[in-house]
1. With each run of n ≥ 4 DSSP H residues scored as -39500 (n - 2.57), what mean residue ellipticity at 222 nm is computed for chain B after dividing by its residue count and rounding to the nearest 500 deg cm²/dmol?
2. Can you give the percent of C-alpha pairs in the range B:56-162 whose distance is more than 15 Å?
3. Let me spell out the model: positive unit charges on the Cβ of Lys and Arg, negative unit charges on the Cβ of Asp and Glu, origin at the Cα centre of chain A. What dipole size does that give, in debye rounded to 20?
4. Just the ratio, please: alpha-carbon radius of gyration of the protein assembly as shown over 2.2 N^0.38 Å, N its number of residues.
5. Which residue fluctuates most in the GNM of chain A (Cα springs below 10 Å): A:A16, A:A204, A:A262?
6. Translational diffusion coefficient of the range A:83-227 at 20 °C, 1.002 mPa s, Stokes-Einstein with Kirkwood Rh over Cα pairs, in µm²/s as a whole number.
7. When the accessible area of each residue in the range A:209-235 is compared between its chain alone and the complete protein assembly (1.4 Å probe; ligands, DNA and RNA ignored), which residues differ by at least 50 Å², being lower in the assembly?
8. Inter-copy label distances at B:R13, 7 Å along the Cα→beta-carbon direction, one decimal in nm, shortest first?
There are 2 protein chains.
Amino acid sequence: MQVEDTAAAARVREPAMTDVARLAGVSHQTVSRVLNGHPNVREQTRLRVRAAIAELGYRPNRAARTLVTGRSQQIGVVAQNSTLYGPTSMLAAFELAAAAQGFAVSVRRVRVLDRSSIAAAVEHHRDQRVAGIVVIAPTASADEALAEIPADVPLVAVDGDPGRGGALVTVDQEEGAFAATRHLLEAGHQTVWHISGPSDWFDAAGRARGWRRALQEAGAEIPPVSSADWSAASGYRAGQMLARMPDVTAVFAANDHLALGAIRALAERGRRVPRDVSIVGFDDVPEAEFFSPPLTTMRPDFDGVATETLSLLLARIEGESGPSLRTLNPTLIPRESVAAPRD
Amino acid sequence: MQVEDTAAAARVREPAMTDVARLAGVSHQTVSRVLNGHPNVREQTRLRVRAAIAELGYRPNRAARTLVTGRSQQIGVVAQNSTLYGPTSMLAAFELAAAAQGFAVSVRRVRVLDRSSIAAAVEHHRDQRVAGIVVIAPTASADEALAEIPADVPLVAVDGDPGRGGALVTVDQEEGAFAATRHLLEAGHQTVWHISGPSDWFDAAGRARGWRRALQEAGAEIPPVSSADWSAASGYRAGQMLARMPDVTAVFAANDHLALGAIRALAERGRRVPRDVSIVGFDDVPEAEFFSPPLTTMRPDFDGVATETLSLLLARIEGESGPSLRTLNPTLIPRESVAAPRD
DNA sequence: TGCATCAGAGTGAACGCTCACATCTGCCCA
DNA sequence: TGGGCAGATGTGAGCGTTCACTCTGATGCA
């Protein structure tokens, strides 16, 4: 009891740098030097300080550090409140990469990617004096918000408008879609239908562009696009339309979940994949391999996006500026959902 | 050019509270009072201060606030580096709920949920002087790490060991599994097989327990458990085994992706769902409705978990302590993957 | 021998806020 | 008329760092 009281009394204030200094018989500045790996400290002194730190269980106060330096070791991320596979994977990879570089990641989710929500989230991060900001900004409205942010804030956009200035990292949607469509054409299909993602997403727009270009280059007919959101449910609805048209033999879906919904709708009308209709998705969700049939799809390199984003952000924190675009090519993962057309 | 130079020079130092005070003709303390909604400020003064804040584009420095109060308005989250649907959904919901209460969320991902990784992540958050910590701790090893954290740190575990003391919010895995298994028994099946999640996860253990209890209460035979991780791939492997056993007519999979893999394996051996084998999953991933066939599953209330977690954490930040357990029941979502057995 | 140089260490002032307390009004009621 | 009281505001210290200096003694070299 007695002991506990003493301990409690001693813990009223957490040990600070001066406490460590006193115990080690040095000045607070020397403790600071040890902590920050400054070279001009004698080995013996360094050890004494470390021992004092350990003995007191001292932990540096980051708030004080942030106050005086004006920069925290935090990166702010703005993302949409969704469980979509792409953004989620990217976010997880980014958090891991940032932690490895000693940065904490503070995430701010927004319900909708409109101008004011994004702006508010960015403002919040700036209030926190984050070292840099990453915005996962796949829509035009999000991009608008970015345009208004002062250029002196280190900021990297992910999945934004490749045409915009500033720093951007993105999967090469167009190339991926081009490859997917080519893959279907090369299997012998006359043309390829497309189930698109929401039209205000750059990802969706890029994929539609790549699809169209592949058809044009092959001189194939360009069928009308089925527009959808990213969900399996909307893929299902698109699939119901496609299933009614006997001349549809190949479909490129803008993501795997759309493809799943479409496969389901086709199956319900007795059109089997790949015997009657071939289909290619995008994302390579871990389950795609176990769809019925296993889905041919494009695999983006989310780890690569995360790594590039971080390195670009760190460069901007160091003061680099100007436009800077990095794109990563997805890989085709061939499975069983593509076959030659019957005729 | 001249103008820009002046602007740049003025922006060398961001405006602080004293600048606002000077412009408004009040003391810095009055500005502080306005900012914190203190009642004893004349309306006229309040307006003058607000005007000055707007004019200068002043933003409060959170680091300074944290330094003096010793607490930041941040909540630290420790989570595993995965894109598993459950934890991801929960995390997204939590971030939104926390933002609504004015808390920022800092996420620290760990590669593996072992004792030292969790401990390091928690330490990191404590360095940042977070107001509270949430650990998504679905395994026994994570739980061990929690036991070592000083009790004065406001901390809530999610998906941890319901038997442990401390604050915990979790889906009632056992009840959910019980309901899923009952559902299959009531359809007329003699017994129900189980594809389990990884055995060191509490979620998996709880689901296995509920399954077993349902069989026991019904006096049904208890078949051996197929153990798996959470992936569709391992569900597929388990399904390959089950497909070889003609007396298997009903399966409860510990999550939807396991179910997907199992369905695939069964289909490859010509056993159709639900005609030959009925199957129930867990999680209700958005795609489950579009599996072939649409999957009957248990839907946990992730929003509810997030809300409960936040409210429990806020209470602990306010000083409450002692054990506190909140469980939420999942809901059965009947679809087409369950039918009566043929015989 | 004298002086520049440098490693190693210390000193004190910021950083921008909140807290505890002090001060100044004006008003009510004895 | 004056004492008390509450509302409105101001004052100064302190939170725990880092930064820009200063100081000290040893070393090198002309």
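The values are calculated or read from the model by the stated rules, or taken from the named source; none is laboratory data. Just so we're clear, the structure is a prediction, and the values are computed from it rather than from any experiment. Using ideal geometry, Cβ is built from the backbone for each residue, glycine included, and neighbour counts are taken over all protein chains shown. For the accessible areas, the whole protein counts, side chains as well, though only heavy atoms, and no ligand, DNA or RNA atoms are used. Shrake-Rupley method; radii C 1.70, N 1.55, O 1.52, S 1.80 Å.
1. Details: 13 runs with 156 residues, N = 343.
Mean residue ellipticity, 222 nm, calculated: -14000 deg cm²/dmol.
2. Working: 3590 of 5671 pairs.
The proportion of pairs with Cα distances above 15 Å equals 63 percent.
3. Working: 36 positive and 40 negative charges, 192 e Å.
For chain A, the charge dipole is close to 920 debye.
4. On the way: Rg = 28.3 Å, N = 686, 2.2 N^0.38 = 26.3 Å.
Taking N as the residue count of the protein assembly as shown, the ratio is 1.08.
5. A:A16
6. Values: Rh = 16.9 Å.
D = 127 µm²/s.
7. Listed by number, the residues meeting the 50 Å² cut-off come to none at all.
8. Distances between equivalent label points, in nm: 2.7.
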